[in-house]
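All remarks here apply to the structure that follows.
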Amino acid sequence: MQAIELVDSHCHLDFPDFADDLGGVISRAAAAGVKRVLTICTSLGQFDNVASIAEQYRGVYFAAGTHPHRAATDPMAEFDRLLELTAHPKMVAIGESGLDYHYTSDIAEAQKQSLSVHISAARESGLPLIIHSRDADRDMMEILQREQIENGPFNCVMHCFSSGPELAATALALGFYLSMSGIVTFRRSGELRQIFADAPVERILVETDAPYLAPVPHRGKRNEPGYVVHTAAHGAGLFGMEINEFAARTTENFDRLFTKAAEPPGN
């Protein structure tokens, strides 16, 4: 049987959960077939730390932006600053940015302003945007459609997608990607599994969002990039594929979206 090769398209290796075990985490991921990892800087004040992690490990890349939870507490992201940061050879995306009304609906306007800056930077740089969206489907659909139609195209992935079918359909219609996390392995996620099963496989990525949302059979534990194999196994079942085939397809999708992190043919 051919060895599985996967990419964890979204995790947070700079979080304290990994401080004493980062080398082990990377080694276990590689042993599980996860050869590349995209770690996300959620606050521009942590840029140097996240960049340093990517510089230490060959298969680790990073994205940088201001998480919506931090939109009103961090300095507002600046367009020119984001573009400046993209010069780093291992920064391959903008974000994560977005809207989250589950805990922070009181800062909705700051989140919208921050999202607009990140979209503009993604459009100008040509790097894809990583979007976080929770309990904000209506506003998110309106913003994405308006930006794409009125201001020009940009590439995007809806990370850790767990929203409704209407937002999924809108994102796919705009040419965006949906990223599958460990949530699809949870018993009560039947509607979400159907959303993914109805989507074209060429628009699907897999991720851990580690240290959060560990998939079954590790649910409730600290998540880590190697566990994306379990999410991929569930995803393969949704599409009626063997895991090797699904892993190959989602890796191709990753390379198509995150071109700056794509491996040359034959590697």
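The values are calculated or read from the model by the stated rules, or taken from the named source; none is laboratory data. Every value quoted in this text rests on a predicted model; they were computed, and no experiment measured them. Neighbour counts run over all protein chains shown; Cβ positions are idealised from the backbone, glycine included. For accessibility, only protein heavy atoms count, side chains too; no ligands or nucleic acids. Shrake-Rupley method; radii C 1.70, N 1.55, O 1.52, S 1.80 Å.
Scanning the stretch 1-23 for residues that are closer than 25 Å to Gln111 by Cβ, free of Cβ contacts under 8 Å to residues at least 40 places away in the same chain and open to solvent by less than 50 Å² (accessible area, probe 1.4 Å) yields one hit, Asp14. Scanning the stretch 68-84 for residues that are crowded, with 20+ Cβ neighbours inside 10 Å and either in a helix (DSSP H, G or I) or of a type outside the set (A, V, I, L, M, F, W, C) (or both) turns up Pro68, Arg70, Leu82.
Out of curiosity, is Gly226 under 25 Å from Gly23 (Cα atoms) and either at pLDDT 95 or above or over 17 Å from the mean Cα position of the chain (by Cα) (or both)? It would help to see each step written out before you state the result.
Working: under 25 Å from Gly23 (Cα atoms): yes; either at pLDDT 95 or above or over 17 Å from the mean Cα position of the chain (by Cα) (or both): yes.
For Gly226, the condition - under 25 Å from Gly23 (Cα atoms) and either at pLDDT 95 or above or over 17 Å from the mean Cα position of the chain (by Cα) (or both) - is met.
Select, from His218, His234, the only residue that is part of a helix (DSSP H, G or I) and open to solvent by 10 Å² or more (accessible area, probe 1.4 Å). Steps first, please.
Working: His218 fails: part of a helix (DSSP H, G or I).
On inspection, the qualifying residue turns out to be His234.
Evaluate the following for Gln148: is it open to solvent by less than 20 Å² (accessible area, probe 1.4 Å), in contact with a Leu (Cβ under 9 Å, 6 or more places away or on another chain) and not hydroxyl-bearing (Ser, Thr, Tyr)? So Gln148 does not fit the description; no. Scanning the stretch 24-41 for residues that are open to solvent by 20 Å² or more (accessible area, probe 1.4 Å) and either over 19 Å from Phe246 (Cβ atoms) or among the basic types (Lys, Arg) (or both) gives Gly24, Ile26, Ser27, Arg28, Ala30, Ala31, Lys35.
A count restricted to the stretch 237-267 and to residues that are in a helix (DSSP H, G or I) and open to solvent by 10 Å² or more (accessible area, probe 1.4 Å) stands at 13. For the residues Leu44, Leu38, Leu85, the requirement of being touching a Phe, Trp or Tyr at 6+ places or on another chain (Cβ under 8 Å), farther than 20 Å from Thr208 by Cβ and either modelled with pLDDT of 95 or more or not basic (Lys, Arg) (or both) singles out Leu85. One residue alone among Ser97, Ser114 is outside any strand (DSSP E or B), open to solvent by less than 10 Å² (accessible area, probe 1.4 Å) and under 20 Å from Gln46 (Cα atoms), and that residue is Ser114.
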